[in-house]
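See structure below.
The values are calculated or read from the model by the stated rules, or taken from the named source; none is laboratory data. Every value quoted in this text rests on a predicted model; they were computed, and no experiment measured them. Cβ sites come from the backbone with ideal geometry, for glycine too, and all protein chains shown count toward neighbours.
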Amino acid sequence: MAFTITSALRWWSKECPDQLALSVDDCACSFAELDSWSAHVAVYLQTLGVKPGDRVCMVGSNSMEYAVLAFGLMRAGAIGAPLSFRSTATEIRDALSDLSPILVFCDEECTKTVTTALGDMAIEKLRALGEISELKGGGPNSHSANEVSPDTPVFIIGTSGSTSRPKGVVYTHRMVMTYASEFGIMEPRCARGSSVLSAGPFSSTSGYLLLMQFIALGATMYIESKFRADRALALLVKRRITTFQAAPIFFERITALPEFKEADLSSLYWTQVGGARVNTSLLKAWLDKGVVLRQAYGSTEAGGGWGARLDTALTAPEKCGRGGIFTEYAVSTGDGAFAPVGTPGEILVRGPSLTPGYWNNTAATKETIRDGWLHTGDLGVMDEHGNLTFVDRLKDIIISGGLNISAAEVERVICELEGVEEVAVIATVDPDFGETPLAVIHADPERISPASVIDYCNQHLANYKVPRYVAIESQPLPRLPSGKLAKPAIRAQYQDAADRLPKVR
């Protein structure tokens, strides 16, 4: 058997056929059922003309049909290419131009948008995700096996959008299996027999990768079509979930529920939070219930993230840990040398779970992966024990009067102000300093004012770091599918902030 996700699924279907593999909105599927169903889907795809190496796009909310299609594509040797259900027709059209898929599956809610994006091609390329449900108990029964090598691409995930246009990150069987094996070796209690709650959409690594990773490990996946804090908390308690990994916003929404205080979360063994800076009050809220939120650092190109070990998570919760058994962190000064301990620099990642590159983008691949190291574009600091602390995106460094300002540092301080729900700090032009910080804050305008924000920042930040512009938004700030704040969208919305907002200091 090859070192592939397909081999892992076949193994578990024989080893523990009746064990629950997937539960999506309470729709259940055992390992034996997933193996059989996905095999039928693979044959069906072949009858539609899908060949090894073909790309097939999916657009829709998480569903059982979506998940089974992902495994069916894998078994047919095709490459899954999920797109966000939040995408506009223009965004989908751009992605289709890059991926050139042979088919596009979508759910009913996204049909109109996808049809518009496909135009005249909709007749030959558009398929309904509902077709997959018809293949559960039957369909073609002879599967032309497409045995693939570990280095065969299995899916493509778009970067989270922190650049102007997402790039497609290629995942191979080896990449996923190495990532899963590394995690399973380090945390065996998160492998076979464990229960995992996944909050991310399948169009992101927090959805698609986790699905593949934990099925390969023989765990049971609980997945929701759309995240609802009350449902998530109920699942954590009722299903005795042992593993929960998500962006801070998901933990924050659960924490805000009145039921959170009395909820029994004693089953939670591994909780990992990453993708954005974590407020210390959030860490404390969960620790008070006996649950350690481990800070993680990772990227789409490196298979996800690695959480801090327990000792680090308890003694220095702002640190992201030492990487993994097979995955190494480093910090570069930018001149080809590694940064000394305590010196900020660009975070580098090296290991066997790195992507082989971006889809149809050789130039970006060569720019990002050099000498075996992934250049993340993030700023970090390494301590004497090899523990990494994420500081900021390099592009989120605001240079004001020649001084570097970390947007994340300013955001952290503002988030400590009672009444602030979320904040994004970006650069805006300034005639005197070139750039100056602008704080865009989601809060109740009756409770938070620009003056109160400046007053608090003056107490906790050097003068040059204090924002000169503050915008209070009564509605939540836009977010990417991964749960991160959509800073490109916020920058676009406030590109003329210096012209239309009052300077508050």
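Close contacts from the stretch 307-320, counting a first residue that is in contact (Cβ under 8 Å) with a residue 12 or more places away in the chain and a second that is assigned to a loop (DSSP other than H, G, I, E, B) and among the aliphatic types (A, V, I, L, M), with Cβ to Cβ under 7 Å and a gap of 6+ residues or different chains, come to LEU310/VAL292; ALA313/VAL292; LEU314/VAL292; LYS319/ALA308; CYS320/ALA308. The number of residues in the stretch 395-404 being in a strand (DSSP E or B) and either small (Gly, Ala, Ser) or in contact (Cβ under 8 Å) with a residue 24 or more places away in the chain (or both) comes to 4. For the stretch 421-441, check the following and say yes or no: at least one residue is in contact with a strand residue (DSSP E or B) (Cβ under 9 Å, 6 or more places away or on another chain), over 19 Å from ASP499 (Cα atoms), touching a residue at least 40 places away in the same chain (Cβ under 8 Å) and of a type in the set (Asp, Glu). Within the stretch 421-441, one or more residues are in contact with a strand residue (DSSP E or B) (Cβ under 9 Å, 6 or more places away or on another chain), over 19 Å from ASP499 (Cα atoms), touching a residue at least 40 places away in the same chain (Cβ under 8 Å) and of a type in the set (Asp, Glu).
Just so you know, in the stretch 185-238 the residues that are under 26 Å from PHE85 (Cα atoms) and among the charged types (D, E, K, R) include one that is modelled with the lowest pLDDT, and it is LYS226. Taking the conditions exactly as written (modelled with pLDDT under 95, closer than 20 Å to LEU211 by Cβ and not small (Gly, Ala, Ser)), does VAL278 satisfy them or not? Taking the combined requirement at face value, the residue does not satisfy it.
Only one entry in GLU411, GLU367, GLU418 is surrounded by 13 or more Cβ atoms within 10 Å (Cβ to Cβ) and outside any strand (DSSP E or B), namely GLU411. Go through VAL148, VAL104 for me and flag whichever is modelled with pLDDT of 95 or more and either crowded, with 16+ Cβ neighbours inside 10 Å or in a loop (DSSP other than H, G, I, E, B) (or both). None of the other options fit; the residue is VAL104. In the stretch 292-308, the qualifying residues are those that are outside any strand (DSSP E or B) and at pLDDT 90 or above, and the one that is surrounded by the most Cβ atoms within 10 Å (Cβ to Cβ) is GLU301. With respect to the stated conditions, VAL470 fails to be assigned to a strand (DSSP E or B) and either of a type in the set (Asp, Glu) or closer than 30 Å to PRO82 by Cβ (or both). The residues listed here are ALA407, ALA462; of these, the one that is within 25 Å of PRO317 (Cα to Cα), within 23 Å of the chain's Cα centre (by Cα) and free of Cβ contacts under 8 Å to residues at least 60 places away in the same chain is ALA407. Considering only residues in the stretch 43-75 that are farther than 15 Å from ARG127 by Cα and in contact with a Pro (Cβ under 7 Å, 6 or more places away or on another chain), the one that is surrounded by the fewest Cβ atoms within 10 Å (Cβ to Cβ) turns out to be VAL43. Scanning the stretch 440-467 for residues being within 18 Å of ALA408 (Cβ to Cβ) and either part of a loop (DSSP other than H, G, I, E, B) or touching a Phe, Trp or Tyr at 6+ places or on another chain (Cβ under 7 Å) (or both) gives a total of 5. Do the conditions hold for SER87, that is, is it over 14 Å from LEU126 (Cα atoms), modelled with pLDDT under 95 and within 20 Å of the chain's Cα centre (by Cα)? Yes, satisfied. Only one of the numbered conditions (1) among the acidic types (Asp, Glu); (2) farther than 28 Å from GLU328 by Cα; (3) in contact (Cβ under 8 Å) with a residue 12 or more places away in the chain is not met by ASP392, and that is (2). Of the residues making up the stretch 348-364, those that are out of contact with any Phe, Trp or Tyr (no Cβ under 8 Å at 6 or more places or on another chain) and assigned to a strand (DSSP E or B) number 1.
Restricting attention to the stretch 242-258 and to residues that are more than 16 Å from the chain's Cα centre (by Cα) and surrounded by fewer than 22 Cβ atoms within 10 Å (Cβ to Cβ), the residue that is nearest to GLY184 (Cα to Cα) turns out to be THR242. Any idea which residue in the stretch 482-505 is surrounded by the most Cβ atoms within 10 Å (Cβ to Cβ), counting only those that are of a type in the set (A, V, I, L, M, F, W, C) and more than 26 Å from THR300 (Cβ to Cβ)? Only one residue fits best here, namely ALA497. Within the option set THR389, THR343, THR312, being part of a loop (DSSP other than H, G, I, E, B) and not aromatic (Phe, Trp, Tyr) holds for one residue only, THR343. Look at (1) in contact with a strand residue (DSSP E or B) (Cβ under 9 Å, 6 or more places away or on another chain); (2) surrounded by fewer than 24 Cβ atoms within 10 Å (Cβ to Cβ); (3) modelled with pLDDT of 95 or more and you find that SER181 fails only one, number (1).
Being part of a loop (DSSP other than H, G, I, E, B), in contact with a helix residue (DSSP H, G or I) (Cβ under 8 Å, 6 or more places away or on another chain) and either in contact (Cβ under 8 Å) with a residue 40 or more places away in the chain or aliphatic (A, V, I, L, M) (or both) is the filter here; which residues of the stretch 85-100 pass it? If the condition is that a residue be part of a loop (DSSP other than H, G, I, E, B), in contact with a helix residue (DSSP H, G or I) (Cβ under 8 Å, 6 or more places away or on another chain) and either in contact (Cβ under 8 Å) with a residue 40 or more places away in the chain or aliphatic (A, V, I, L, M) (or both), then PHE85 is the only one that fits.
Taking the criterion of being crowded, with 16+ Cβ neighbours inside 10 Å, of a type outside the set (Val, Ile, Thr) and in contact (Cβ under 8 Å) with a residue 24 or more places away in the chain, the residues of the stretch 3-30 that qualify are ALA8, LEU9, ARG10, TRP12, CYS16, GLN19, LEU20, ALA21, LEU22, SER23, CYS29. Say we look at the stretch 218-234 and pick out the residues that are without any contact (Cβ under 8 Å) to a residue 40 or more places away in the chain and either charged (D, E, K, R) or in contact with a Leu (Cβ under 7 Å, 6 or more places away or on another chain) (or both); which of these is surrounded by the most Cβ atoms within 10 Å (Cβ to Cβ)? The selected residue is ALA232.
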